[in-house]
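J.: Before we start, here is the structure in question, set down as structure tokens.
The values are calculated or read from the model by the stated rules, or taken from the named source; none is laboratory data. What you see is a predicted model, and the numbers here were worked out from it, not measured in a lab. For neighbour counting, all protein chains shown are included, and Cβ atoms are generated from backbone atoms with ideal geometry for every residue, glycine included.
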Amino acid sequence: MPTLSEVTAALDRIYPRHWAQDWDRVGVVCGRGDIAVRRVLCTVDVVPETVIEAIERGCDLIVAHHPLLLRGVSSLDPAEDYKGDLVHTLIERSVGLYVAHTNADVADPGVSDALADRLGLRDTRPLRPLEGPEHEGTGRGIGRIGTIPATTFAAFAEHAAKALPPTAWGVRGAGEPGRTVRSVAVCGGAGDAYLADAVAAGADVFLTADLRHHPASEHLARGGPALVDAAHWATERPWLDTVAGQLSDLADDVTVSDIDTDPWTIHQNSGVNRVES
Ligand SMILES: [Zn+2]
């Protein structure tokens, strides 16, 4: 049975911490290096539901995508905030926590590769390749762009809704439903900072999460690719299978959380599912 430090060292080799963006906080959050790791739970978010799941499954380590503690804290008082309570629970139950976030986004295979695979993209390459001698020609970078057999945007949106893990949010599309799409750009998580990269790469459609009115509207008015705004959790959940596979030789029991930690729990509209222009 490996120790926690053996498992986290293996993760550090797959997802070197220095690949993370400067503002990010990755690596070990808590957990003594000498504890034995028999079971691992891979999650997108560290929230009360996934911590309970880890305890109920008897896990010794949570490997999460999103940092629990991104900004500086001066208190872990469990009475003050749920995050303090979660840290107490993890330590009391001897569950370690490790985070691979933007370093997993840029890895190859990384978060957007898993997303691209779910959608059936072929011949993928990074949307914004990582620069520098360490990354030259490695296929590392943010987002991916690849191709699918030509279809309409409406059909692609329908395909994406079915191919991604189910959520109340589903997907919403922006752009002419009948336009032909063949070149598809994707970015797991909030990808609106990469709209210009999708344009420059010649994508017909860009699928990401957390798109907002003004950037989306202005992007389309300038003739940019159609947009699919998927649930944030659903765009990153596919990567959990990747990391679980990478750990399968090391730990006896590696499971993936399928608790939908997307905050949106209801999605209603007035019955208008498509607006033809
Ligand atoms: Zn994310």
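J.: Taking the condition away from the ligand (no atom under 14 Å from the Cβ) and either at pLDDT 95 or above or not in a helix (DSSP H, G or I) (or both), does GLY178 pass? Outline the logic, then answer.
T.: On the way: away from the ligand (no atom under 14 Å from the Cβ): yes; either at pLDDT 95 or above or not in a helix (DSSP H, G or I) (or both): yes.
When the stated conditions are applied, GLY178 passes them.
J.: Where the second residue is modelled with pLDDT under 95 and surrounded by 14 or more Cβ atoms within 10 Å (Cβ to Cβ) and the first is under 16 Å from LEU250 (Cβ atoms) and lies in the stretch 26-51, which pairs have Cβ atoms under 9 Å and are six or more apart or on separate chains?
T.: VAL37/LEU250; VAL37/ALA251; ARG38/ALA251; ARG39/ALA251; VAL40/LEU250; VAL40/ALA251
J.: Would you be able to tell me the number of residues in the stretch 170-185 that are buried (at least 19 other Cβ atoms within 10 Å of the Cβ) and at positive phi?
T.: Qualifying residue count for the region: 1.
J.: Going through ILE266, ILE259 one at a time, which residue ends up being surrounded by fewer than 21 Cβ atoms within 10 Å (Cβ to Cβ) and within 16 Å of the ligand (Cβ to nearest atom)?
T.: None of the others qualify; the one that does is ILE259.
J.: What's the number of the only condition in (1) outside any helix (DSSP H, G or I); (2) more than 16 Å from the ligand (Cβ to nearest atom); (3) under 18 Å from the mean Cα position of the chain (by Cα); (4) not hydroxyl-bearing (Ser, Thr, Tyr) that LYS162 fails to meet?
T.: Among (1) outside any helix (DSSP H, G or I); (2) more than 16 Å from the ligand (Cβ to nearest atom); (3) under 18 Å from the mean Cα position of the chain (by Cα); (4) not hydroxyl-bearing (Ser, Thr, Tyr), LYS162 violates only (1).
J.: Quick one: which of LEU76, LEU97 is assigned to a loop (DSSP other than H, G, I, E, B), aliphatic (A, V, I, L, M) and in contact (Cβ under 8 Å) with a residue 12 or more places away in the chain?
T.: From the options LEU76, LEU97, the qualifying one is LEU76.
J.: Which of the residues belonging to the stretch 25-45 are assigned to a loop (DSSP other than H, G, I, E, B) and either away from the ligand (no atom under 16 Å from the Cβ) or crowded, with 18+ Cβ neighbours inside 10 Å (or both)? Working first, answer last.
T.: To start, the set of residues in the stretch 25-45 that are assigned to a loop (DSSP other than H, G, I, E, B) comprises 25-26, 31-35, 37-38, 44-45.
Once the filter is applied, which keeps residues that are assigned to a loop (DSSP other than H, G, I, E, B) and either away from the ligand (no atom under 16 Å from the Cβ) or crowded, with 18+ Cβ neighbours inside 10 Å (or both), the stretch 25-45 yields VAL26, GLY31, ARG32, GLY33, ASP34, ILE35, VAL37, ARG38, VAL44, ASP45.
J.: Working only within the stretch 202-238, note down all residues that are within 16 Å of the ligand (Cβ to nearest atom), in contact (Cβ under 8 Å) with a residue 60 or more places away in the chain and among the small types (Gly, Ala, Ser).
T.: ALA230, ALA231, ALA234
J.: What pairs come out if I take residues in the stretch 2-24 that are over 19 Å from LEU97 (Cβ atoms) and pair them with residues that are polar (S, T, N, Q) and part of a helix (DSSP H, G or I) whose C-beta lies under 6 Å away, six or more apart or interchain?
T.: Short answer, once both residue conditions are applied: TRP19/ASN103; GLN21/THR102.
J.: Given the criterion over 23 Å from the mean Cα position of the chain (by Cα) and either under 24 Å from ALA114 (Cβ atoms) or not small (Gly, Ala, Ser) (or both), identify the matching residue among GLN268, GLN246.
T.: GLN268
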